[in-house]
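The values are calculated or read from the model by the stated rules, or taken from the named source; none is laboratory data. Treat the numbers as computed from the prediction; the structure is a model and nothing was measured. All Cβ positions, even for glycine, are placed from backbone atoms using ideal geometry, and neighbour counts span all protein chains on display.
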Amino acid sequence: MTNTFIAVSGCGGGDRGPQGLYKILQETSKSNSFNVLPIETVPEKIQENVDRISKISKEHLQKNENVYLMGYSMGAAIAVITAHQLNQDGKHPIQGIVLLASQTDGLHLIKTLDIPILFFHGNQDQYFSIGEIGRFYKKYGREKRMVQFDGVGHTFEPSNAPSAPYCDREGFARRVELEVSDFFFPSQNSVRILNERDQTQIPRADTTS
């Protein structure tokens, strides 16, 4: 069965994600265990985007696909709200969520969910601190993982360059891809995935399950 991640951007709209992540993953993940579908979002319109992502999710569920949501900043809130709405009736279950530099609005709804959640956050996020997100993370009682990047801000770029470690787009995308594969689709290749994850050229990331 196909595993599809519907990818939602932040308040600026568009369909690229942080550091062009979604477009990179759309190409590279084809050789992995999942597909990424970037969706064009409308700037600053949470409910309008939720309605659109819900509709697209249902279309893919009707094709007997496993549907996951991936969201950056405001897109993370959209992903959580969408999963909350769709999973309430039990007819269109979302299998899991990836939250990238999530904003805090709407994040309280994760307490209504019973699905795996993978968090990515920079410890220098200037808008939504790792401490704020960490409180939501700690309260979530289901399967979860936090991947924390040192020296990285809200857009997953080094926040204090040149003193912060270098982070290139391809390395960042590869790390996200490896973490997603290992968290949602563990397999006999887990050791290889973990070894390669440690070799990606990005700032050190603390992984907490």
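Odds and ends about this structure:
- Single residue of the stretch 27-55 satisfying the filter (among the hydroxyl-bearing types (S, T, Y) and touching a Lys or Arg at 6+ places or on another chain (Cβ under 9 Å)) that is modelled with the lowest pLDDT: T28
So that you can scan it fast, the table gives a plain yes or no per residue for (1) free of Cβ contacts under 8 Å to residues at least 24 places away in the same chain; (2) touching a strand residue (DSSP E or B) at 6+ places or on another chain (Cβ under 9 Å); (3) closer than 14 Å to Y137 by Cα; (4) not aliphatic (A, V, I, L, M):
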{"position": "I78", "(1), (2), (3), (4)": "no, yes, no, no"}
{"position": "T82", "(1), (2), (3), (4)": "no, yes, no, yes"}
{"position": "N87", "(1), (2), (3), (4)": "no, no, no, yes"}
{"position": "L99", "(1), (2), (3), (4)": "no, yes, yes, no"}
{"position": "Q103", "(1), (2), (3), (4)": "no, no, yes, yes"}
{"position": "L107", "(1), (2), (3), (4)": "no, yes, yes, no"}
{"position": "L113", "(1), (2), (3), (4)": "no, yes, yes, no"}
{"position": "P116", "(1), (2), (3), (4)": "no, yes, yes, yes"}
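- Residue-level check: of (1) farther than 22 Å from G20 by Cβ; (2) modelled with pLDDT under 90; (3) of a type in the set (S, T, N, Q), S159 misses just (1).
- Criterion: closer than 26 Å to L178 by Cβ, in contact (Cβ under 8 Å) with a residue 24 or more places away in the chain and in contact with a Gly (Cβ under 7 Å, 6 or more places away or on another chain) - qualifying residue of M74, M70: M74
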